[in-house]
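J.: Below is the structure I would like to discuss, written out as structure tokens.
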Amino acid sequence: MASITIRNLDDRLKTRLRVRAASHGHSMEEEARSILRAALANERTAPDDLAAAIHRRFAPLGGVELPKTPRGPMRRVPDLDR
């Protein structure tokens with residue numbers, strides 16, 4: 001099992017952790033593990049495909065028809081040597 005050290009912990013935060021641990025009948029270490037487990041259990045993962053994530057987000061709002069843009073032949077690339 002791994003361990004970590006948390007440096008520069010604010011005294012007020014440490015006191016709150018100690019009080020919270022005591023109210024749950026845990027040690028400070030167990031309370032910190034419990035808080036970390038709860039926080040990371042609800043973590044959402046990033047979508048694999050940005051376009052699919054955007055579609056899922058806005059699909060319930062309905063679609064929109066965009067006008068077709070007429071296309072012509074490509075323009076000639078300017079000669080940069082002049």
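Values in this text are rule-based calculations from the coordinates and carry no lab data. Bear in mind that the values here come from a model prediction, so they are computed numbers and not experimental data. Glycine gets a Cβ as well: all are built from the backbone with ideal geometry, and neighbour counts include every protein chain shown.
J.: Find how much the distance from residue 77 to residue 1 grows on full extension, using 0.36 nm per residue of separation minus their present alpha carbon separation; answer in nm with one decimal.
T.: Value of the extension gain: 21.1 nm.
J.: Charges only on Cβ, +1 for Lys and Arg, -1 for Asp and Glu: so what's the dipole of the chain about the Cα centre, in debye to the nearest 20?
T.: With Lys and Arg at +1 and Asp and Glu at -1, about 260 debye.
J.: Dividing the alpha-carbon Rg of the chain by 2.2 N^0.38 Å yields what?
T.: 2.38
J.: Compute the length gained on full extension between residue 69 and residue 18: take 0.36 nm times their separation in residues and subtract their Cα-Cα distance, giving the result in nm to one decimal.
T.: Full extension from residue 69 to residue 18 adds 11.9 nm.
J.: Label-point separation (nm) for residue 36 and residue 57, each offset 7 Å from Cα along Cα-to-Cβ?
T.: Label-label distance for residue 36 and residue 57, simple model: 3.1 nm.
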